[in-house]
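Engineer: Submitted below is the structure of interest, expressed as structure tokens.
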Amino acid sequence: MRLIFIGPPGAGKGTQSKRLIDYLQVPHVSTGDMLRQEIKDRTEYGLRSQEYMAIGKLVPDPIILEIMGHRLDQRDCANGCLFDGFPRTLVQAEALDDFLSRRGTPLDGVLELVVDKEELIRRTLARGREDDRPDIVRNRLDLFYKQTALLSDYYRKRGLLHAIPGTGSPDEVFDRIKQVLKKIAS
Ligand code: AMP
């Protein structure tokens, strides 16, 4: 199954995506993780990305699309994958459609975790990651609502979007996700 997992920072995507990849037995394709690895490895992509990441801005589309193009060519993606943190812009969404249709492997669905904004700020600050300073958190959230929220419309119009309330325990949220997967598969 090929799925996109979208949701604002702090919505619990990390926890749920771990469960999802175990459940579906597909690789977790997270651009955030991939970029952090590029930075660790001091690659050119890493060097070009870190200044954006440090201030909570989106890394430019061409860099993301280069990295993603390479990733999709790896064998483990042949039978499906879970996209996490990607696409973040319409340009990326259109490029992904293009990547996938050229490979004859269309998307099965888009899962969107929905959590109230105040709850998101509270959860994210409690997480304590280095790029979780209050100003940066707000920057990331503003960016999400301004730019990335357009993606919901894009996928809703294509009948692929499934909104999942992100409130309640991780088990409750995952049960909702499994219900949606059943719907997609049927
Ligand atoms: P994440 O781990 O998904 O929250 O991503 C951390 C940071 O990596 C983001 O704040 C962006 O700076 C960058 N990033 C991750 N994925 C993307 C993407 N698809 N497009 C642009 N920037 C990204």
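Please treat every number below as a calculation from the coordinates, not as lab data. Note that this is a predicted model, so its numbers are computed, not measured. Here the Cβ is made from the backbone with ideal geometry for all residues, glycine too, and neighbour counts use every protein chain on show.
Engineer: State to the nearest 20 debye the size of the charge dipole of the chain about its Cα centre, where the only charges are +1 on K and R beta carbons and -1 on D and E beta carbons.
Structural biologist: On the way: 30 positive and 28 negative charges, 59 e Å.
Dipole magnitude for the chain comes out near 280 debye.
Engineer: Note the per residue figure in Å³ for the convex hull of the C-alpha positions in the chain. Intermediate values should be presented prior to the final figure.
Structural biologist: Details: hull volume 21.5 nm³, N = 186.
Per residue, the Cα convex hull of the chain comes to 116 Å³.
Engineer: Can you list the lysines whose alpha carbon sits under 16 Å from that of LYS178, skipping same-chain ones fewer than 8 residues off?
Structural biologist: Cα-Cα hits under 16 Å: LYS13, LYS18.
Engineer: Hey, got the dipole for the range 1-91? About the Cα centre, +1 on K and R Cβ, -1 on D and E Cβ, debye to the nearest 20? Walk me through the numbers on the way to the answer.
Structural biologist: Values: 12 positive and 11 negative charges, 53 e Å.
Roughly 260 debye, rounded to the nearest 20.
Engineer: Only counting other Cβ atoms within 10 Å, I'd like PHE5, PHE174 sorted with the fewest neighbours first. Let's see the in-between values first.
Structural biologist: On the way: PHE5 26, PHE174 18.
Listing PHE5, PHE174 from fewest to most nearby Cβ atoms yields PHE174, PHE5.
Engineer: What distance in nm separates the two pseudo spin-label positions at ARG75 and THR15, each 7 Å out from Cα along the beta-carbon direction?
Structural biologist: That separation, rounded to one decimal, is 3.6 nm.
Engineer: When the Cα centres of the range 134-186 and the range 71-91 are compared, how far apart do they sit, in Å?
Structural biologist: A separation of 17 Å, based on Cα centres.
Engineer: What is the Cα radius of gyration of the range 122-186 over 2.2 N^0.38 Å, N being its residue count?
Structural biologist: Numbers: Rg = 15.2 Å, N = 65, 2.2 N^0.38 = 10.7 Å.
This ratio for the range 122-186 stands at 1.41.
Engineer: Follow-up question, since we're still on this one. Compute the relative contact order of the chain as a whole-number percentage, counting only Cα pairs closer than 8 Å that sit 6 or more residues apart in sequence.
Structural biologist: Working: 232 pairs, mean separation 61.0, N = 186.
Once divided by the residue count of the chain, the mean separation gives 33 percent.
Engineer: Step through the residues of the range 86-98 one at a time and calculate ³J(HN,Hα) from phi using the Karplus curve (6.51 cos²θ - 1.76 cosθ + 1.60, θ = phi - 60°), rounding each to whole Hz and writing x for Gly and Pro.
Structural biologist: Along the range 86-98, the couplings run 8, x, 10, 9, 5, 4, 5, 5, 5, 5, 5, 3, 5 Hz.
Engineer: Moving on to the next point. Please name which of THR31, ILE21, TYR52 has its Cα lying farthest along the dipole of the range 20-67 towards the positive end, using unit charges on Cβ (Lys, Arg +1; Asp, Glu -1) and the Cα centre as origin.
Structural biologist: Of THR31, ILE21, TYR52, it is TYR52.
Engineer: Determine the gain in length on full extension of the stretch ARG127-ALA163; use 0.36 nm per residue of separation and subtract their C-alpha separation, reporting nm with one decimal.
Structural biologist: Working: separation 36, 0.36 × 36 = 12.96 nm, distance 2.39 nm.
In short, 10.6 nm is gained.
Engineer: On a straight-distance basis, which aspartates and glutamates could pair with LYS182 in a cross-link, Cα separation under 17 angstrom, same-chain partners fewer than 8 positions away excluded?
Structural biologist: Result set, ordered by chain and number: ASP22, ASP108, GLU112, ASP171, GLU172.
Engineer: For the range 20-127, rounded, prolate or oblate, judged on the Cα gyration tensor with a ≥ b ≥ c (square roots of eigenvalues), a/c < 1.5 rounded, else prolate if a/b > b/c? Intermediate results must be reported in sequence, preceding the final value.
Structural biologist: Numbers: a/c = 1.64, a/b = 1.15, b/c = 1.42.
Judged from the Cα gyration tensor, the range 20-127 comes out oblate (a/c at least 1.5, b/c at or above a/b).
Engineer: Follow-up. Could you pull out the GluC sites (Glu not before Pro) across the range 119-186 that fall in loop regions by DSSP (anything but H, G, I, E, B) with no more than 11 other Cβ atoms inside 10 Å? Don't skip to the end; give the middle numbers.
Structural biologist: Values: sites: GLU119, GLU130, GLU172; in loops: GLU130.
Filter output for the range 119-186: GLU130.
Engineer: Here is a further query. Can you show me the helix-derived [θ] at 222 nm for the chain, built from DSSP H runs with n ≥ 4 at -39,500 (n - 2.57) apiece and divided by the number of residues, rounded to the nearest 500. Let's see the in-between values first.
Structural biologist: Values: 9 runs with 104 residues, N = 186.
Mean residue ellipticity at 222 nm (helix-derived): -17000 deg cm²/dmol.
Engineer: When we measure straight from the Cα of LYS117, which aspartates and glutamates land under 13 angstrom away, once same-chain ones fewer than 8 places off are left out?
Structural biologist: Within the straight-line limit of under 13 Å, LYS117 reaches these aspartates and glutamates: ASP142.
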